[in-house]
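First up is the structure itself, then whatever we jot down about it.
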Amino acid sequence: MSLRHWIAAIYVLTLAIPSAWAAEDWLPITPEELKMTGEPKAPGAPAIYLYREVNRDDTEYREHDYYRLKIFTEEGRKYADIEIPFLKAYGNIKNIQARTIHPDGSIVNFDGQVYEKTIVKARDVKFLAKTFTIPNVQPGSIIEYRYTQVYPQGFISDSRWLLSEELFTKRAKFSLHRSDRFSLQTSFPRGLPEGSKPPVDDHHFIRLETENIPAFQIEDYMPPQDEMKYRVEFLYTNNREMDFKQFWIGESKRLSFSVSDFTNRRKAMEQAVAQIVSPTDTPEQKLRKIYDRCQKIRNTTFERDKTAEERQRENLKEIQSVEDVWKRGYGDGTDITWLFLALARAAGFDATPVMISTRERHFFNPKMMNPDDLNTNVIRVKLDGRDLYFDPGIAFAPFGLLPWYESNVSGLVIDKDAHEWITTPMPAPSESGQERRATLQLDESGSLTGKISVTFKGLSALRRRIDEGDEDAAHRKEFLEDEIKAAVSLPVEVELTNSPDWNSSSPALVAEYNVKISGYASAAGRRALLAVGLFGGSEKHTFEGSNRVHPIYFAFPYSDVDDVTISLPQGTSISNVPPPAQVDMRVCAYSTNAENKNGAIHLNRSLMFDIRMVDPKYYPALRQFFQTVRSGDEQQVVLSPEGS
């Protein structure tokens, strides 16, 4: 059983504690630390952790964290910008203290402003961060900071020690004062750093001391970082079942009672369905109308944060059932998805609840037997012999499309009489990606001016709508203009000219631009040369490194297609176009073609990926593919004066 269900009755929203630190509690700094100019075990590092300490107390519902870093270079000064993530629903950050120690031993204490910002917002999860900058940091400085994470009284949750960090760690200590209210499972999914001994459990205190932890290498297109790090995982449980298959059978049965209690309002749902659908509708029309109506329910999950005064003034009542969601016209994402289940069943559909584990931050392992890993709900509906999956609790999600982090993930079918695991579907590459169309005029200086239209499809559109959901019009405009700047690896002036439909559940998001691209054609004597890959900027530096540490991971399959027409200045003609380029590796494909179309240059380019996870041993082949893409994009059309 999920521990969050057990603690709901004793959940207290705030907990006041006295300051955990006093000024004299800072650990002593040695002369050797002050004099350090580098670390032999981390050559060239801009900074290192001299010391890290994490002390979590699950009997007092708090955690004390302490960090000390040595800054070696100008680049290392960026580590004075501190970001402390936390889940606001499950606690807060208190008692932040920080200081800078210069090589001569002088100390500058932090007394600046601490800010709070959202760093991740998705269905049923919202990570915030406390951010601040430690002052007067220069190469040679030592910075240290500490804080307390405070949890609600009675709150017991699973936790972890992250041993790996972006920087090399010289020494680290971790401790957990575990609660005796539940059994505790401990695991090391990635093993432990070389030379580290397993944690020691000593009378409810679990301790680990380690040193010389290598810096964690961050790479493009890698799985969630924490999945790749050395770490110790702690899982509290009250379930004594040791066989993971039997564990999940029991969990499915338990959850089925909870779902039934929330959704079993047959009469109210039948009355609601009668207001939504028409008797003459086809089954698909009925299901679409039900889905659309659920998405019109006010979704509190995707609303901006409100102040305490705003929440008090609004005074939203607690939702107890799908009938409450329907009558009151609001609910969070989970509530709305359960409403869809109840309405679909009332309309006669074979609809089944499924609990899934999203993959934006974590990969699910059923053998860990952690029910909280199944962190959100979707609905499976049989329609015309097909199994379709829906999550109307995701704002802007099109009919039958799950967001990328709910696609291709494990799900437990919730049924008191059956046990079934499913994998949610992943759309085909052609259903996501970008279609870019450009109509441009080349002038005598080699610049292009004209219009570009970009259609973001499927998961590409939904991802942008979710990511920009909290932003204002100015930020969204800048965001879309930056997309063009990234795609065109030349100086570009770009102006968004339309108002994209950010708030719909359409499978497409369309952006239109006026552009001026400088220096697209380069002079070569009397001739001019221009590359065929106008939109190849995003791939220009992808996988350039010769080595790879982590698996290659793509969030979802996609296909980008470009169609570009370039009109030429008067008196200029096309004297040569390169041959078509094409490579097809089955899981990824690329093609480009340039042609003379009634005196204008017509360019077609396509790039497709159908990759989930690739072992690093296959990195050389993928790297070679991108080198081929870059070579194809760099092929040139040759222009000459007419008559030459």
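Each reported figure results from applying straightforward, stated rules to the coordinates on display, with no laboratory input. Note that the coordinates shown come from a computational prediction; the quantities given were computed from them, not determined experimentally. Glycine also receives a Cβ, built like all others from the backbone with ideal geometry; neighbour counts cover every protein chain displayed.
Overview of results
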{"item": "Along each principal axis, Cα extent of region 244-423, largest first, Å", "result": "47, 42, 29"}
{"item": "Eligible lysines near Lys597 by straight Cα distance, threshold 21 Å, same-chain separation 8 or greater", "result": "Lys451"}
{"item": "Within region 434-534, trypsin sites (Lys or Arg not before Pro) in DSSP loop having at most 15 other beta-carbon neighbours inside 10 Å", "result": "Arg526"}
{"item": "Sum of side-chain charges, Thr307 neighbourhood, beta-carbon under 13 Å (Lys, Arg +1; Asp, Glu -1)", "result": "-2"}
{"item": "Coarse-grained scattering of the chain at q = 0.05, 0.08, 0.11 Å⁻¹, given as base-10 log I(q)/I(0) from a Debye sum over alpha-carbon atoms", "result": "-0.30, -0.76, -1.29"}
{"item": "Relative contact order for the chain, counting Cα pairs under 8 Å that sit 6 or more residues apart, in percent", "result": "10 percent"}
{"item": "Of all DSSP beta bridges in the chain, antiparallel share, percent nearest 5", "result": "90 percent"}
{"item": "Length added when fully stretched, Asn239-Thr280, from 0.36 nm per residue minus Cα-Cα", "result": "9.8 nm"}
{"item": "Cβ crowding within 10 Å averaged over residues, with 152-164, 327-339, 278-290 ranked highest first", "result": "327-339, 152-164, 278-290"}
{"item": "Calculated FRET efficiency for the pair Glu33/Asn95, C-beta based, R₀ 25 Å, to 0.05", "result": "0.55"}
{"item": "Two-site label geometry, Ser499 and Trp26: point separation in nm, points 7 Å out along Cα→Cβ", "result": "5.4 nm"}
{"item": "Residue-wise HN-Hα coupling along region 178-195, computed from phi with Karplus coefficients 6.51, -1.76, 1.60 (Hz; x: Gly, Pro)", "result": "7, 6, 9, 7, 9, 6, 10, 9, 10, 9, 10, x, 10, x, 10, x, 3, x"}
{"item": "Calculated [θ] (222 nm, deg cm²/dmol) that DSSP helices of n ≥ 4 give over the chain, each run adding -39,500 (n - 2.57)", "result": "-6000 deg cm²/dmol"}
